[in-house]
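The values are calculated or read from the model by the stated rules, or taken from the named source; none is laboratory data. All of these numbers come straight from a predicted model, not from anything done at the bench. Don't worry about glycine lacking a Cβ; one is built from the backbone with ideal geometry, like all the others, and counts go over all protein chains shown. When the accessible area is computed, the model is the full protein with side chains, heavy atoms only, and any ligands, DNA or RNA have been set aside. Shrake-Rupley method; radii C 1.70, N 1.55, O 1.52, S 1.80 Å.
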Amino acid sequence: MAAKIVGVRPVYKGWATISIATVEKDGQSFERLMEDHGPGVCALAIDRQRKVAIMVRQFRAPVAVTSGETDLLECPAGLMDSEEPERDVRRELAEETGLRVAHVEHVATVWTMPGISTERMHMYFAWYARADRTGKGGGQPSEHENITAEEVALSELAAMADDGRMADMKTFLLIQTLRLREPALFA
């Protein structure tokens with residue numbers, strides 16, 4: 001018999017909603033905790049000519065609490081505020097890195113943590129040239145993001161993925177996908 005959700009009870013509502021789902025399967029009932037903050041977008045922004053990607057560094061409280069690391073290198077990402085992931089990923093790139101990109105390429109839409117979160121992440125490659133960086137980036141001041149954008153050689157990102165220094169899963173996935181699709185960019 002397939003599992004069936006028989007009820008969902010919110011226990012906290014704020015930036016995210018925490019709920020308890022009651023599940024029935026094989027005559028038994030049990031509960032599962034769920035976190036919901038909506039869908040997200042992310043992009044690995046690549047300058048094909050110079051073989052670099054623009055990455056962001058920012059403070060992530062869960063990372064700091066767990067590991068003591070005070071910033072994380074990752075591709076730009078954020079929550080959706082529309083029904084159009086391509087629009088939202090372009091907005092995130094502009095806010096966080098100052099990039100205005102004309103072309104984004106959908107890579108995948110994935111569950112980020114299906115054991116606890118309802119989040120689905122729309123993942124993209126964003127192709128840019130030096131002239132596309134028209135703003136300073138840094139994120140939204142009202143959100144206290146304090147983002148630093150930096151260009152990193154694709155070969156260095158590959159090395160980080162290979163030796164375990166690439167700690168962000170969405171970035172790891174996009175780098176490895178790009179390596180499979182366009183290995184010449186990493187030479």
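Summary table
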{"item": "At R0 = 41 Å, FRET efficiency that the Cβ-Cβ distance of Thr148 and Asp26 yields, to 0.05", "result": "0.20"}
{"item": "Protection-proxy order for peptides 147-160, 87-100, each taking the mean of Cβ atoms within 10 Å per residue, highest first", "result": "87-100, 147-160"}
{"item": "Built amide H within the under 5 Å cut-off of Glu151, gap 5+", "result": "Met55"}
{"item": "Virtual spin-label span in nm between Ser117 and Ala131, 7 Å along Cα→Cβ", "result": "3.7 nm"}
{"item": "DSSP beta bridges in segment 1-144 [antiparallel fraction, %, rounded to 5]", "result": "80 percent"}
{"item": "12 Å reach of a label modelled at Glu83, 7 Å along Cα-to-Cβ, counting backbone N of segment 97-115", "result": "none"}
{"item": "Gly40 long-range amide H proximity, modeled H, under 5 Å", "result": "Met80, Arg120, Met121, His122"}
{"item": "Length-normalised contact order of the chain in % [C-alpha pairs under 8 Å, at least 6 apart]", "result": "22 percent"}
{"item": "Simple spin-label estimate for Ala64 and Ile5 in nanometres, 7 Å along Cα-Cβ", "result": "3.3 nm"}
{"item": "Virtual spin-label span in nm between Ala167 and Glu105, 7 Å along Cα→Cβ", "result": "3.0 nm"}
{"item": "Probe 1.4 Å, accessible area per residue of the chain, Å²", "result": "56 Å²"}
{"item": "Under-5 Å amide H pairs with Arg60, H placed in peptide plane, nonlocal only", "result": "Leu72"}
{"item": "Computed Rg/Rh of the chain, alpha carbon atoms with Kirkwood Rh", "result": "1.03"}
{"item": "Net charge contributed by nearby residues that have their C-beta within less than 14 Å of Val52 (K/R +1, D/E -1)", "result": "-1"}
{"item": "Whole-angstrom gap from segment 105-148 to segment 35-62, using each part's C-alpha centre", "result": "4 Å"}
